Amino acid sequence: MVSGAIGGFLDVALNFNTQAMLDDNLLDQFFKIGWKMVMLGDETWLKLFPGLFIRHDGVSSFFVKDTVQVDQNVSRHLGHELNKDDWDFLILHYLGLDHVGHIGGRNSALMAPKLSEMDDVVKMIHMSSILNQKNDQGQTLLVVVSDHGMTESGNHGGSSYEETDSLALFIGLNNDISDYSSSTHNIIYQVDIAPTLALLFGVPIPKNNVGVLIAEIFGYLADDQQLKALELNSWQLLRLLQAQMPGLSCRNYLCDGFSDDQESKITKCSGSMGKMFCCLYTNAALLQNSWMSKEFPRSKSREDYSSAVTAYYEFLRTASEWLSRSATDKPVSLLTLGIAAMLLSCLILLSLLFNMCKEVYIREKYLFDLESAMQTWYLDETFVLGVILILIVSMISSSMVEEEQYIWHFVASTLNLLLLRKAIQCPPCGGAQGLHTLSKEQNKISCFRLSSIFVVLVSGRILRGWHQGGVNWTNLPDISKWLEQSGTDNVKSIQLVSCLLLMTLSLYVLFLLGSNKKFVLAIGFSFLMSGLLVLQHVTKHWDGMFASSSYSTTTLVQIIYATLGASTFGTVIALPWLVPFSISEMCSNQDLYMSTSAPNEVQNKSLMAKLRDSLYIVGWTYISCWCILQLLLQQTINSMPILLLLVQIFASMLYFSYSALHHKPWVEVAAFYFLGMAGHFALGNSNSLATIDVAGAFIGISSHSTVLSGILMFMITYASPMLFILSMVMYISVKETSYLPSPFSSDSTQLLKIMLGFPCLVPLGLNSILLTAYTIILLLMRNHLFVWSVFSPKYIYVCTTTVCVYVGVSVVSTTVTYTYLVLGFRRKMQGELSHQQ
């Protein structure tokens, strides 16, 4: 609005750390002619234009929980400023309306009062004497503008009509009142504001401006003045075109153009872009010169005047569109170098994964001949590889990018159906007899497998219908809309029930390991305390639509953060040192896990059991604490989906623990990855920046902090993918281990490598393939119509997903390695003590 230039896409991220604007802009031009300026509101103005304001009072624009003080801080100065006459330019940036949208959406109960408050502000300015006084410097102009609209949920950042529909109202012009109704529905671009204000106030148009002056604003000027304004705007855009196209020169057109018979030289413009720009500009200049040279009164020559105006606008719009597109050009050679580095990284990860497959398949001894083993492909394995191709192909279509949630729900449900089919066909112990001949225990195991995969499918179907995600079909009915329409009390009741069920399931799965152990009881108590604190937070705000930002509420949330953090880190660090290591205790507790296979040597099994014991508890601690945290951070309507994601994890663990070696490990890890991505969209996320929950990023924060808010925003957005990656710690503990090397033997590094191999390499490999493929597609689509509205936001999500995967894998690998080393150290110390005795 102040420079008329097109911002870069990364400005979305740079807004969190705003730097001084170096481009030519209106405020610098006003400052150069001696204007005194005052700013009240968003402190971003102070960061963009330091030292330009004689008075200012800034507030943080990112602390969205504040909907009252952030506007009162502006309005309290307004009456005082309106009575002063020492300023020339007053900026009032109100943030409350935007914050109300982020917290409660367009239909928030706070929306109508806030709009009325803004009406009162405009009325106060309009009724003040400042708009009615005239002096030697002219009349005062009031401009009311909004920088964006909002979706039904109150967010913005996408390209939908609701998000890009904003206001521009000019009050105080000398236009005829009869023209008011005809000029209220015209569409302009935000970049058009800069040249319009510059020409109105007689300052140079910012040199990087690509906007076109707003015709209706200049309706009160004389005809020759309006043409002069169009000429200045055209001249500025022509200079910008020449900077973008160094070989462009219209000198010959201009020198040959002005003659006595000027109208005869008007030509139809075609050819290259450079020639067309020169032709359009020359035609407009010729028509203006022809009108100006008329000897009879110009007011009677309306046709010539209209032709000149039309010619100027044809040049201005054509030049503006071309400059807007060219402003986003990027160096292809540099991008190609980056893609080459991505391809190299992807190939390294895939080669590591392939070598891991070969090594594990040899150890599992499916067949004596490795080549025959590699040629045995089952339907689930083929489907997982086919999914990669499906995802890559879908990235080419802008519509599929916008509605990506359908692909992940299809992939997750189809793979689980294939696993269900395999569970029905294959007996749990690998025998050749059918289900009717299985022993009683085998029937029980088979029932567990079928039931668990059925639970995953049913939970996935409910999650699929919870949010009608994406971009184009968000207006269709879904479970969340139905619940919200039924009343706030119903939503709160579901949140309460979800909290109670989640706590119950967390304690039940933890105590499967044995409730007689002190450390298990201590961890269970920490789960209970954290859950009860979340319940207290939920019930405390039962009657209010929005959580209060009071000191007591913020303190309670911070206590919850501290409790969950202490429980998680305390368990990870202390547990491997607290697991009992007596041989008698270990030998008496050999069947703690859901897996039915057993190692050959009792002592090795006992040592492996200690490692698996620790990873089981630590893994479930990660899962439970993460879910409890999400109950606090997520929107109220998402409490049930969080519970369903936890149910899916537990059911999947049951299924894969009883599956022994029926599935290849990389297929099982891929199934978790697919469920995590499907859950990501089930929580209401999409590939539009408008679905990011900004309000949740300030829960428990008393004042704005870019780092803390950014971390919370990341945790809310990637709740599901991170949850399923963290579950890999528990997955390692419940899986078949008969093919692994003996623990803490001379081949101990092999044990660690094989345990971590698939849980770490499969997510990294899948993500690397998708990241590299989409980067290539984005480079090919750089000139696509929807490159900024569809493909670029998706690329931000792809890159952030990469961060999520690497953080999750780092946590998993660090946890398993630390637990393994501590237990190895304790085993070594115990052996030395035994030798000394």
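The values are calculated or read from the model by the stated rules, or taken from the named source; none is laboratory data. As the structure is a prediction and not an experimental result, all values here were calculated from the model. For neighbour counting, all protein chains shown are included, and Cβ atoms are generated from backbone atoms with ideal geometry for every residue, glycine included. The area values use the complete protein model at the heavy-atom level, side chains included, leaving out ligands, DNA and RNA. Shrake-Rupley method; radii C 1.70, N 1.55, O 1.52, S 1.80 Å.
What FRET efficiency do you get for LYS440 and LYS358 if R0 is 56 Å and r is their Cβ-Cβ distance, rounded to the nearest 0.05?
0.90
Could you give the length gained on full extension between ARG106 and SER397, defined as 0.36 nm per residue of separation minus the Cα-Cα distance, in nm?
101.7 nm
Can you work out the FRET efficiency for the pair VAL145 and LYS275, with r the C-beta to C-beta distance and R0 = 41 Å, to the nearest 0.05?
0.65
Measure off 7 Å from each Cα along the Cα-to-Cβ vector at THR539 and ASP57, then give the distance between these two points in nanometres to one decimal.
4.2 nm
Using a basic spin-label model with each label point 7 Å from the Cα along Cα→Cβ, how many nm lie between GLN830 and ASP489?
5.8 nm
Please list the non-local residues whose amide H lies under 5 Å from the amide H of CYS250, H modeled 1.01 Å from N, same-chain partners needing a gap of 5 or more.
Answer set, sorted by chain and number: none.
Ignoring ligands, DNA and RNA, please state the percent of accessible area on the range 35-173 from carbon and sulfur, probe 1.4 Å.
Ligands and nucleic acids excluded, carbon and sulfur give 52 percent.
Under a point spin-label approximation (7 Å from Cα along Cα-to-Cβ), what is the ALA574-ARG461 distance to one decimal in nm?
It works out to 4.5 nm between the two label points.
Quick check of the Kirkwood formula: for the range 35-173, what is the inverse mean of 1/r over all pairs of different Cα atoms, in Å?
Roughly 16.2 Å, rounded to one decimal.
Taking R0 as 41 Å, what FRET efficiency do you get between GLU303 and THR706 from their Cβ-Cβ distance, rounded to the nearest 0.05?
According to the calculation, E is roughly 0.10.
Applying the Karplus parametrisation 6.51 cos²θ - 1.76 cosθ + 1.60 with θ = phi - 60° to the phi angles of the range 676-691, what ³J(HN,Hα) value in whole Hz is obtained for each residue in order, glycine and proline being reported as x?
Each residue's phi maps through the Karplus curve to give x, 6, 5, x, 4, 7, 5, 7, x, 7, 8, 8, 9, 5, 5, 8 Hz.
Note down the accessible area of ASP88, probe 1.4 Å, to the nearest 10 Å².
Roughly 60 Å² of ASP88 is accessible to a 1.4 Å probe.
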